[in-house]
Amino acid sequence: EAVAHAVLFYSPTCGHCEYVITEVIPPLIDQYGKQFQIIGIDVSQEGGSAFYQAAIQRFAIPENRLGVPTLVINDETCIVGYREDEIRRVLQS
């Protein structure tokens with residue numbers, strides 16, 4: 001059973017998003033296996049944009065922190081940016 005459920009909001013034209021998708025997430029999946037489940041939502045699509053707007057409201061993300069990649073873990077933690085150490089810290093807590 002998964003310990004961490006995550007949603008990654010990304011844009012296919014975002015270099016930081018590509019880094020998270022190709023360099024940060026795969027080692028986490030290797031390390032945590034089935035305990036870490038993640039889905040990606042493309043904010044450049046209408047439905048993805050609507051989900052992202054809802055996340056902004058839900059997590060009260062301030063204007064100066066808006067952007068992708070945005071990672072929501074277990075419906076309680078929201079990480080904006082691509083800091084691998086911060087993502088690992090959240091998963092280990």
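The values are calculated or read from the model by the stated rules, or taken from the named source; none is laboratory data. Since the structure is predicted, the reported quantities are computational estimates derived from the model, not experimental observations. We place every Cβ from the backbone using ideal geometry, glycine too, and count neighbours over all the protein chains shown. All accessible areas refer to the heavy atoms of the entire protein, side chains included, with ligands and DNA or RNA removed. Shrake-Rupley method; radii C 1.70, N 1.55, O 1.52, S 1.80 Å.
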FRET E, pair residue 29, residue 76, Förster distance 22 Å, beta-carbon r, rounded to 0.05:
0.60
Please list, by residue number, every one of the GluC sites (Glu not before Pro) in the stretch 17-93 that is coil in DSSP and has at most 16 other beta-carbon atoms within 10 Å.
76
So how compact is the chain: Cα radius of gyration and Dmax in angstrom?
12.5, 36
Where the accessible area of the chain is counted over protein heavy atoms with a 1.4 Å probe, how much of it, in %, is carbon and sulfur?
49
Under a 1.4 Å probe, counting only protein heavy atoms, residue 93 has an accessible area in Å², nearest 10, of 120
Accessible area in square angstrom per residue, the chain, 1.4 angstrom probe:
62
Could you order 51, 59, 9 so the one with the most accessible surface comes first? Probe is 1.4 Å.
51, 59, 9
